[in-house]
Every structure is written in C-alpha cells, then in structure tokens.
Amino acid sequence: MDKDKLIIRLNRVIGQVEAVKKRLETQDEANPQCLDTIHLIKAATNALKKFGEAYVQDYFDHCLNESPDIQDAEKQRLAKELKSIIQSAFTL
C-alpha cells in the first residue's frame, strides 16, 4: 500500500468522524436518532481499524522487511503481535 492509499483511508475516517459530529450538532432532542449515530460511530471505528491494519502492513512491507538487522522469525513475531494489538484496540 502506498502513501496515497493510506491518505485516502485516513480521509474516509475523518469524513465519518465529521458525520458523527454533525449528527450530534444537529440532532433533535425529541428524536435523537441514537441508532443511526451508533452506526456512524461503528463505521468510523471500522474505517480507523482498516487504516491501522493497512498502515501496519505498509510498515512491515517497507520498514521491517527491508531491514537486514531483523531476523525472519522476529519479523513474524512482531507482525503477529502488532496485528493482534490493532484488532483488539479497535474492537467494540
């Protein structure tokens, strides 16, 4: 994944967070549309998770894999650990 694709993913996250903000600013107190807002929050969370996963993959592809100082077994261990962290960090 290249930088442009990462930026596109990040812009998607920003747009979804802005949609949540706009929903809160314009919501009618009598009809707050809570479920719709929760769906927007979940979409933003999923988009951020996908960005994090793509960024970690890009990091491994360009930084760790090109480093001659890190052994393959260590690269695999780091990849598994970071993917686990990303998955758990963004689970609701």
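Before moving on, here are some points about what is shown:
- Only helical runs count toward this figure. For the chain, summing -39,500 (n - 2.57) over DSSP H runs of n ≥ 4 and dividing by all residues gives -26000 deg cm²/dmol at 222 nm.
- Take every Cα pair under 8 Å whose residues are at least 6 apart in sequence, average their separation, divide by the length of segment 3-89, and the relative contact order is 33 percent.
- Lysine-lysine proximity count for the chain, Cα under 15 Å, sequence distance 8 or more or distinct chains: 8
- Correct choice for Rg and Dmax of the Cα atoms in Å that was computed from the model, options [x] 17.6, 61; [y] 13.4, 42; [z] 12.2, 37: [x]
- Among the GluC sites (Glu not before Pro) in segment 28-92, those placed in a DSSP loop whose Cβ has at most 10 other Cβ atoms within 10 Å are Glu29, Glu66.
- Which of Val20, Val56, Leu6, positive extreme of dipole for segment 3-89 (C-beta unit charges): Val20
Every number in this text was worked out from the coordinates using simple rules, so none of it is lab data. Predicted model, so just to flag it, every value in this text is computed and none were measured. In this analysis, Cβ positions are derived from the backbone assuming ideal geometry, glycine residues included, and neighbour counts consider all displayed protein chains.
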